[in-house]
Amino acid sequence: MTAVMSAVSFILMLLEFSTPFTPGFLKFDFSDLPALLASFALGPIAGIAVCFIKCVIHIAVSSSAGVGELANFILGCCFVLPAGIIYKRIKTKKSALIGSLTGSLIMAAASLPVNYYITYPFYMRAYGLSEETIISMYRAILPSIESLPQALLIFNVPFTLAKGLIVSTIVFFTYKRLSPILHGRK
């Protein structure tokens, strides 16, 4: 089941799209959905495994030299691990909701240091970009941006939170129906 969920997650990762009000390089995808389902159905380690496998496979088709996948893996773990742990302790709709919200908040909070200390420094070195060049991409949308941390706080953190909340909402309304299949009972 983990392998199947990883394959679905990888396919969903390929179906990324830009969103309005964010720089074009911030892409939205639903690849954390199978990871969260796996975390609820099979436990948090299975959710992490789905995140890992989808990212490893995605490296083959990526232009990020693996750093985008590393960031995606770290943030995915920040999402599915707390959600899965909370749900595993008490398997109720309320704990699933609390777990998903907690995971979404942790993932959003982690997006700032992950991008500031891992993603953007790599891109600056690998592609010869200056911090000012990256900030200018954010300024194209909001001219008052003055620093990279400010840009990350205004754009990336809410973007990541929204992604987590959207995925959580879909899982919240579909998990019980999918649960027998995920547990191999149907």
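A short reminder: the numbers here are calculations on the coordinates, not readings from a lab. What you see is a predicted model, and the numbers here were worked out from it, not measured in a lab. Neighbour counts are summed over all protein chains in view; Cβ atoms, including those assigned to glycine, are modelled from backbone coordinates with ideal geometry.
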Highest average packing first - 165-172, 116-123, 85-92, Cβ atoms within 10 Å: 165-172, 116-123, 85-92
Pairwise label distance in nanometres, M1 with A126, each label 7 Å out on the Cα-Cβ vector: 3.4
Rounded tilt (10° steps) of 44-58 against the dominant C-alpha axis of the chain: 50
Longest exposed-site-free window of the chain, the sites being GluC sites (Glu not before Pro) in a DSSP loop that have at most 13 other C-beta atoms within 10 Å: 17-145
The stretch 90-153 versus the stretch 13-81: alpha-carbon centroid distance in Å: 14
Under 18 Å from K163, Cα to Cα: aspartates and glutamates that are on another chain or at least 8 residues apart: E16, D29, D32, E69
Spin-label model distance (nm) - L142 vs S95, 7 Å beyond Cα toward Cβ: 3.8
Over 21 Å [Cα-Cα, the stretch 32-148], rounded percent: 47
Förster radius 35 Å - calculated FRET efficiency between A109 and I181 (Cβ-Cβ, nearest 0.05): 0.60
